[in-house]
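The block underneath contains the structure these notes are about, expressed in structure tokens.
The values are calculated or read from the model by the stated rules, or taken from the named source; none is laboratory data. What you are looking at is a predicted structure, and each value in this text was computed from that prediction instead of being measured. Don't worry about glycine lacking a Cβ; one is built from the backbone with ideal geometry, like all the others, and counts go over all protein chains shown. Surface accessibility is based on the protein's heavy atoms, side chains included, excluding ligands, DNA and RNA. Shrake-Rupley method; radii C 1.70, N 1.55, O 1.52, S 1.80 Å.
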Amino acid sequence: MSIFGANISLLNKFLKHFSSCFSNKQMAMFTLAIYALFKDYKRNSLEAMAKATHTEYQKFQYFFSDSVWDIPALKRKRLEVIHKQRTTAFTKDGLLAIDDTGCPKPFAKKTEGAKWQYCGPLKKEEVCNVGVAIAFVSPAKHFPLDIVPYLPASEFPGGETNPLFKDKIRIAKELFDTSLETLDFSAVTFDSWYAATHFLEHIHTRKKFFFSEIKSNRNIFMHHPVKRTKCCVKPDELVTLIKKHYWHKTKSIKFKTPDGSEVSYRTYSFEAKLKDCDIPLKFVVVLGKWNKDDDNTCHILITNQLTASAKTVITSYLLRWGIEQCFRELKDTFYFDHYQVRHINKIERYWNLCLIAWTLVYWIKQNAYLSKILETKPTTFNEIKQAINSLLEFASTSTLSKNDHLARDYFKIKSKRLKKKFAA
């Protein structure tokens, strides 16, 4: 093991939770891999991680490629660590959020799963890998529960007819079902892309509430004030009808946005159904943009919790941005999208290491473990990452200063005169 035998009890305490998932040799490499994710890189790779921890590249390569991992056990253990403490665990005011994220790979030609497809972070199509994720989100907390790689149909013989192929909605269903077995929650939130009829029905039949938004091409089966009968109405027509016939029934609602600022919108609520969906729904039309970068001038939210107030529907749906925050922290702090491995199983291994590194920072942040160690108190994920990296450097420097043989092998200094001068 390298980084010169850095021994930091705080990190050891956390990483020890995962010892049952690895052999002793694997555990040493696992520890180094986590340490490596706290270093700074222009572009991350296994070679860069090996250099940052002063470890042989072949050892890193073998750990990622050929050693046996129990990914499900690793995932379960990470969630156990989160749920074990009140400061990090689920709270009653939280929901599950489902979304996917893309990792752009414009020059990837042989990376498994990297195909021309929609890339959320870029808001356009690009060659990328996509992962479907589920997270816990609340007004005070957010943490990723799982991220599963999505493989496009073109990766399978026979395409979509291949029984091994899973589209993103199917992956989302499986993530939701797994959460039902292991977690206690009341509702789930997701954006308009996941509001497909069969996904809504999947959640509804399992007696859980959902909060989502509909796309502009969905048909709403409702009472028409002019035709005086029930018929299908498009979202843009609905907004026109509200402004002309129902404006006196709109209400002004104040609530806080994800960035903490208080805003006010005109809203109109009613019960109806979607044309292709038999579930009774409450619709909440929000007239206005979420923010200055929003492309839509109105939003039509839906829920199967018919008794929910318009404010509850809006605030519950906006909690969905917690999963976006998870994605941002994983990418900006732990290079979640910077991997340079080609096979999907290696990508999944790398992603899970990023999730563990993220959880380590979350565990430290929620328990304020650095407040008694450092003069200044880091608060953001990146600040805590830099603080941990400083601790690793301090521990490594201390080890080198006490071990002349180790220092000599690392620095490769031949001149006795120079050594004597620095020692004076």
| request: Using the heavy atoms of the protein chains and a 1.4 angstrom probe, tell me the accessible area per residue for the range 56-198 in square angstrom. | output: 49
| request: Report, by chain and number, residues whose modeled amide H sits under 5 Å from the one on Phe336, excluding near sequence neighbours (fewer than 5 apart, same chain). | output: Lys331
| request: Kindly write out, for the range 366-375 in residue order, the coupling ³J(HN,Hα) from the Karplus curve 6.51 cos²θ - 1.76 cosθ + 1.60 (θ = phi - 60°), rounded to whole Hz, with x marking Gly and Pro. | output: 5, 9, 6, 5, 8, 5, 9, 9, 10, 5
| Using a 1.4 Å probe, what is the accessible area per residue for the range 245-285, in Å²? | 59
| message | What is the angle, in °, between the Cα long axis of helix 24-36 and the longest principal axis of the Cα atoms in the chain? Nearest 10 is fine, range 0 to 90. | response | 70
| field | Inter-label distance, nm, simple model (7 Å from Cα along the C-beta direction), Thr257/Thr178 | value | 3.4
| request: Go through the range 363-398 and name the GluC sites (Glu not before Pro) that are in a DSSP coil and have 13 or fewer other Cβ atoms within 10 Å of their Cβ. | output: Glu375
| query | Across the range 227-234, in residue order, what do the Karplus-derived ³J(HN,Hα) couplings come to in whole Hz, using 6.51 cos²θ - 1.76 cosθ + 1.60 with θ = phi - 60° and x for Gly and Pro? | reply | 6, 6, 8, 7, 7, 8, 10, 7
| request: Quick one: compute the contact order of the range 114-224, relative version, from alpha carbon pairs under 8 angstrom and 6+ residues apart, as a percent. | output: 15
| field | Estimated FRET transfer efficiency when R0 is 25 angstrom, pair Asp66-Ala28 (beta carbons, to 0.05) | value | 0.95
| What spacing in nm lies between the two simple spin-label points modelled at Arg76 and Asn345, each 7 Å away from Cα in the Cβ direction? | 2.0
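Once you keep just the Cα pairs under 8 angstrom separated by 6 or more residues, what percentage relative contact order results for the chain? Kindly include the intermediate steps, with their values, before the conclusion.
Working: 631 pairs, mean separation 73.9, N = 424.
Once normalised by length, the contact order is 17 percent.
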| query | Taking the chain as a Gaussian network, Cα atoms linked when under 10 Å apart, which of Val188, Val81, Val130 shows the biggest mean-square fluctuation? | reply | Val81
| field | Those aspartates and glutamates that a straight Cα-Cα span of less than 18 Å connects to Lys254, excepting residues fewer than 8 apart in one chain | value | Glu262
| note | On the accessible surface of the chain, probed at 1.4 Å with all protein chains in place, carbon and sulfur together account for a percent value of 52
| Over 23 Å (Cα to Cα) - which of Lys51/Lys77; Lys13/Lys385; Lys207/Lys230; Lys141/Lys346; Lys208/Lys311 fall in this group | Lys51/Lys77; Lys207/Lys230; Lys141/Lys346
| message | Using the basic label-point model (7 angstrom from Cα toward the beta carbon), what is the Asn382 to Thr229 distance in nanometres? | response | 6.0
| Measuring from centroid to centroid over Cα atoms, what is the spacing of the range 1-67 and the range 220-266 in Å? | 54
| field | Options (1) 99, 69, 44; (2) 97, 54, 36; (3) 122, 81, 54 - which one matches Cα extents along the principal axes in Å as calculated here | value | (2)
| request: Kindly report the accessible area of the range 346-398 per residue (heavy atoms of protein chains, probe 1.4 Å, no ligands, DNA or RNA), in Å². | output: 41
| query | In the range 63-115, what trypsin sites (Lys or Arg not before Pro) fall in a loop by DSSP, with at most 12 other Cβ atoms inside 10 Å? | reply | Arg86, Lys92, Lys109, Lys110
| task | Can you tell me how much longer the chain between Arg170 and Ala272 gets when fully stretched, taken as 0.36 nm per residue apart minus their C-alpha distance, in nm with one decimal? | result | 34.1 nm
| field | Residue-span extension gain [Phe107 to Lys51] - 0.36 nm each, minus C-alpha spacing | value | 17.8 nm
| Per-residue HN-Hα couplings for the range 189-206 [Karplus 6.51, -1.76, 1.60; θ = phi - 60°; Hz; x = Gly/Pro] | 10, 6, 7, 5, 5, 8, 7, 5, 3, 5, 6, 4, 5, 4, 6, 5, 5, 9
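Got a sec? What order do Thr229, Thr307 fall in by accessible area at 1.4 Å, biggest, i.e. largest, first? Walk me through the numbers before you get to the answer.
Values: Thr229 70, Thr307 130 Å².
From most exposed to least exposed: Thr307, Thr229.
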| said: Check which residues have an amide H placed less than 5 Å from Gln305's amide H, if you skip close sequence neighbours. | reply: Phe210, Lys282
| request: For Asn7 and Lys249, calculate 0.36 nm times their separation in residues minus their Cα-Cα distance, and state this gained length in nm to one decimal. | output: 80.6 nm
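Charges at C-beta only: +1 for Lys and Arg, -1 for Asp and Glu. How large is the resulting dipole of the range 1-107 about its Cα centre, in Debye rounded to 20? Please report the intermediate quantities before stating the final value.
Working: 16 positive and 9 negative charges, 60 e Å.
Dipole about the Cα centre, nearest 20: 280 debye.
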| query | In percent, how large is the relative contact order of the range 245-379, given Cα pairs closer than 8 Å and 6 or more residues apart? | reply | 14
